[in-house]
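Worksheet for the structure shown next.
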């Protein structure tokens, strides 16, 4: 049975009234001191999870003394790009940062709108598209708070609160069940993917391990023409030159859908030293993402990057992918750890990257090793093949049926 047929049977001819979100809900009007809550009760965009009943990361703490208070049943929305699709239904009380909106159903409306139903409505692709369409700001777009409250939601049987809540509860029951099944399947696939990645990492390290005297080892500075880092521009634009941040990385690749943009003038003047070229290796040098890297492909150019990413440009006669794989080995992880034993915020400077030593077998052997690792990589990391693709398809299937179950008949257009 399709989602639309299910809705038709469930409604059984009942009226559906569309109301602006602001007619049934408001933003939390209360504030709380950060000192009054424990770490697990703080929600910021970095630990706002996108699944019902999600958990927060206790290691992420507020950097401001006053927070927006939230209560059980509030819907928390990420309100800054790229977190505009993050949604969480609060099951406890706490405080959230200014980058999170706490949406609270009005007391007078709780008799005909359930928090669980509202959570699914605000998790839909339709709401995300609406939110993105009305987001404001070029440097770091934010959700438009007024527009969010103007978003229209369907209320079945508005004149019969008990039946309205019963219909909502049945939709929530089905979506909860589907959510749990999808989560179970995704967990199984993820466990398999994790095992396969461990196997891949083991063979990658074996292929890139050489006996003493077997090959020549050289520091990166001897085989590069450039090792530098980018700069954060003063202003981002809505379009223009692609600007690559660590958020643009996706399993060792650069995702063109996750760019920010800078002007041509900023690219050629203010950011001149970090203009990217094809086959540059970008290497994260700070924070939790340190060590992540990706190769710049011609298709994303012209492009630029910021100071959190080192730009490694190799000389002639070296297989770029070979160096790319060497930078992901356990040896590199140990090298990073050596310089960050007592540091809460790990980082590498450009000199330390320049001094990292890499084995250099003959070019033919580099090419052979890259060919093998590319095949392993396709099986483990590629979004178009293997388990990651299967996980993505399961999530897409869930989102499709979720949105279908929420496809209420649109409001009638006046004659």
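Here, each number is a calculation from the coordinates, and none is a lab measurement. Remember, it's a predicted structure, so these values are computed and weren't measured experimentally. Neighbour counts run over all protein chains shown; Cβ positions are idealised from the backbone, glycine included.
A few comments on the model shown:
- Relative contact order, percent, region 305-410 [alpha-carbon distance under 8 Å, six or more residues apart]: 20 percent
- With the simple spin-label model, which puts each label point 7 Å out from Cα in the Cβ direction, the residue 31 to residue 316 separation comes to 6.4 nm.
- Each label point was placed 7 Å from the Cα along the Cα-to-Cβ direction; for residue 188 and residue 71 their separation is 4.2 nm.
- Only DSSP H runs of four or more residues enter the estimate; each adds -39500 (n - 2.57), and after division by the residues of the chain the mean residue ellipticity at 222 nm equals -11500 deg cm²/dmol.
- Gain upon complete extension [residue 250, residue 345; 0.36 nm per residue less C-alpha separation]: 32.0 nm
- Beta-bridge orientation, the chain: approximately 90 percent antiparallel, per DSSP, counting only bridges with both partners inside.
- Using C-alpha pairs under 8 Å with a sequence gap of at least 6, the mean separation divided by the residue count of region 216-360 gives a relative contact order of 33 percent.
- One chain, two ends: residue 162 and residue 85. Fully extended at 0.36 nm per residue, the span grows by 24.6 nm beyond their Cα-Cα distance.
- Shape of region 176-240, Cα gyration tensor, a/c cut at 1.5: oblate
- Crossing angle, helix 386-405 versus the chain [Cα axis fit, 0-90 degrees, rounded to tens]: 20 degrees
- Remark: relative contact order (the chain) = 16 percent; criterion is Cα-Cα distance under 8 angstrom and separation of 6 or more residues.
- Cα centroid separation, region 143-187 to region 8-45 (Å): 12 Å
- Region 67-142 shape via C-alpha gyration tensor axes, a/c threshold 1.5: oblate
- Förster radius 45 Å - calculated FRET efficiency between residue 178 and residue 355 (Cβ-Cβ, nearest 0.05): 0.30
- Shape parameters for region 216-269, alpha-carbon atoms, Rg then Dmax in Å: 14.7, 47
- Axis angle, to the nearest 10 degrees, between helix 161-207 and the longest C-alpha principal axis of the chain: 10 degrees.
- Taking the convex hull of the alpha carbon positions in region 216-360 and averaging its projected area over all directions gives 8.7 nm².
- Taking label points 7 Å from Cα along the Cα-to-Cβ direction, residue 147 and residue 211 give a separation of 6.5 nm.
- Helix axis angle, 125-134 relative to the chain longest principal axis, alpha carbon, degrees: 80 degrees
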